[in-house]
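The structure under discussion appears below in the form of structure tokens.
The values are calculated or read from the model by the stated rules, or taken from the named source; none is laboratory data. All figures in this text were calculated on a predicted structure; none of them were measured in a lab. Every residue, glycine among them, receives a Cβ derived from its backbone with ideal geometry; neighbour counts consider all protein chains shown.
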Amino acid sequence: MSSPASMSLASLAPGKFVISPDSLDKETQNTGAQSFVLEMDSKSSTGQALGQRHWQLDYERTGDQLTVTRWLGRTNDIRSSYQVLDQLIASLGIEELTLSNEVLSEGAQAIDPRHWQASDKGLTIQRDAFYQIRETFLADALLTITPDIRTEREGVEHPVPVRPQLPEGVLYRRQIPQLNVVFELYHATVEHDGERFHKWQNDPRVAEFWEYPFSREKLDEYLHNCRNDAHSAPLIACFDGVPFGYIETYWGQEDRLGPYYDARPFDHGFHLLVGEPDFLGGGRAEYWLKAVSHFLFLLDPRTDRLVGEPRSDNKNLLKWTEKVGWRKDKEFDFPHKRAALMICDKAHFIKHFE
């Protein structure tokens, strides 16, 4: 069962980019004038075909710096422009991007100058700055930052920030160039996701680590409670619209993890499982773990680190989290398991995000 069309947001630009193979020619892309060519069969939020769109970005490259000298093909909003640039930056592995004055004067793209640094050549942005632009990847309903108002929470030593409830539907969307798939996170519901959540939790492979092989009724109640607790949020992860995994986010300070480390008010973490066996392996884990981490850093810019507490013997998960920028801080004992405290620092993560 795919995610319903009603859960897609038009503002997240439904559709999938296709990159011209010539744009990725390793023999020529590092020197001289080159072209990066994209096309997309775009769709409306209801799945209606809107026709094929094309873009061509001519550029000159010196090492890790790239200057766009011509932009063919119009983008009508900032999100669409930045999604095109995301494909360029990630596919070509550049650290600094400049839009030339000639490109800016033609006005084929929409950008926000506040995100860029002005120079004689045009507007420039660093890679780590680009991947902190929330408007590119998050649903519009998430762009407002909740004021830092603290409140008491039972069982937590210090007051914690008031946590906003997540909206319905797709929350994060990014086409991952390395996999040529669109990754999405949407807010899980009992009505739409209860059956799959029950199936996944009763898979022996999943139950070995989650230990939730419960009835449908009990797991529906679990999902319902998770949705209604501002401390946590249940999400479904999709590749090209097909649900494959469950992500449960939590705020570290008021989580059961909080007493076991020096928790900060905006530490965010998540539990995860891959429910569909067809999506195991294939080099996917590295990229969807990066995407989930990226989502949590964007969700609230005051989050400067992520935390996790997988079982210390879950070697596969530990291997992948360390590969994508997490580090093991220590091991400790929960009442129910020996755990590894995993930490991901924002500055390090964003610098290496691709």
Notebook entry, point to check: Quick one: residue 340 ticks every box in (1) crowded, with 16+ Cβ neighbours inside 10 Å; (2) in a helix (DSSP H, G or I) bar one, so which box is it?
Noted result: (2)
Item checked: In region 145-161, the residues that are basic (Lys, Arg) and in a loop (DSSP other than H, G, I, E, B) -> 153
Next item on the list: Collect the residues in region 82-93 that are out of contact with any Phe, Trp or Tyr (no Cβ under 9 Å at 6 or more places or on another chain) and surrounded by 20 or more Cβ atoms within 10 Å (Cβ to Cβ), keeping them in residue-number order.
Entry: none
Notebook entry, point to check: Under the condition of being of a type in the set (Lys, Arg) and at pLDDT 95 or above, which residue from region 122-157 is surrounded by the fewest Cβ atoms within 10 Å (Cβ to Cβ)?
Noted result: 134
Margin query: What's the number of the only condition in (1) at pLDDT below 95; (2) buried (at least 19 other Cβ atoms within 10 Å of the Cβ) that residue 116 fails to meet?
Written below: (1)
Check: Do we have residue 102 as at pLDDT below 95, farther than 25 Å from residue 297 by Cα and charged (D, E, K, R) here?
Finding: no
Check: Tell me, which residue of region 97-113 that is within 25 Å of the chain's Cα centre (by Cα) and assigned to a loop (DSSP other than H, G, I, E, B) is surrounded by the fewest Cβ atoms within 10 Å (Cβ to Cβ)?
Finding: 112
Checklist line | Selection within region 211-229 - under 23 Å from the mean Cα position of the chain (by Cα) and either crowded, with 16+ Cβ neighbours inside 10 Å or part of a helix (DSSP H, G or I) (or both) | finding: 223, 226, 227
Next item on the list: Could you tell me which numbered condition residue 92 fails, if it satisfies all but one of (1) out of contact with any helix residue (DSSP H, G or I) (no Cβ under 7 Å at 6 or more places or on another chain); (2) of a type outside the set (Val, Ile, Thr); (3) under 25 Å from residue 140 (Cβ atoms)?
Entry: (3)
Checklist line | Looking only at region 288-314, and only at residues there that are within 24 Å of residue 238 (Cα to Cα) and modelled with pLDDT under 90, the one that is nearest to the chain's Cα centre (by Cα) | finding: 310
Note to self: Looking at (1) in contact (Cβ under 8 Å) with a residue 40 or more places away in the chain; (2) not in a helix (DSSP H, G or I), which one does residue 123 not meet, given that it meets all the others?
What the structure shows: (1)
Check: Has region 190-198 got any residue that is out of contact with any Asp or Glu (no Cβ under 9 Å at 6 or more places or on another chain), charged (D, E, K, R), free of Cβ contacts under 8 Å to residues at least 40 places away in the same chain and exposed (fewer than 13 other Cβ atoms within 10 Å of the Cβ)?
Finding: yes
Check: Restricting region 169-183 to residues that are surrounded by 14 or more Cβ atoms within 10 Å (Cβ to Cβ) and in a loop (DSSP other than H, G, I, E, B), which is modelled with the highest pLDDT?
Finding: 169
Next item on the list: Return yes when residue 168 is more than 26 Å from residue 293 (Cβ to Cβ) and in the same structural domain as residue 282 (by TED's automatic domain parsing) and no when it is not.
Entry: no
Next item on the list: Output the qualifying pairs, or none if there are none: Cβ atoms under 9 angstrom, residues six or more apart or on different chains, first residue in region 216-229 and at negative phi, second residue of a type in the set (Asp, Glu) and surrounded by 14 or more Cβ atoms within 10 Å (Cβ to Cβ).
Entry: 216/195; 223/193; 226/248
Check: Out of the residues in region 277-294 that are touching a strand residue (DSSP E or B) at 6+ places or on another chain (Cβ under 7 Å) and without any contact (Cβ under 8 Å) to a residue 60 or more places away in the chain, which is nearest to residue 314 (Cα to Cα)?
Finding: 280
Note to self: List the residue pairs whose Cβ atoms are under 6 Å apart, where the first residue sits in region 158-178 and is without any contact (Cβ under 8 Å) to a residue 60 or more places away in the chain, the second is outside any strand (DSSP E or B), and the two are 6 or more positions apart or on different chains.
What the structure shows: 159/152; 167/141
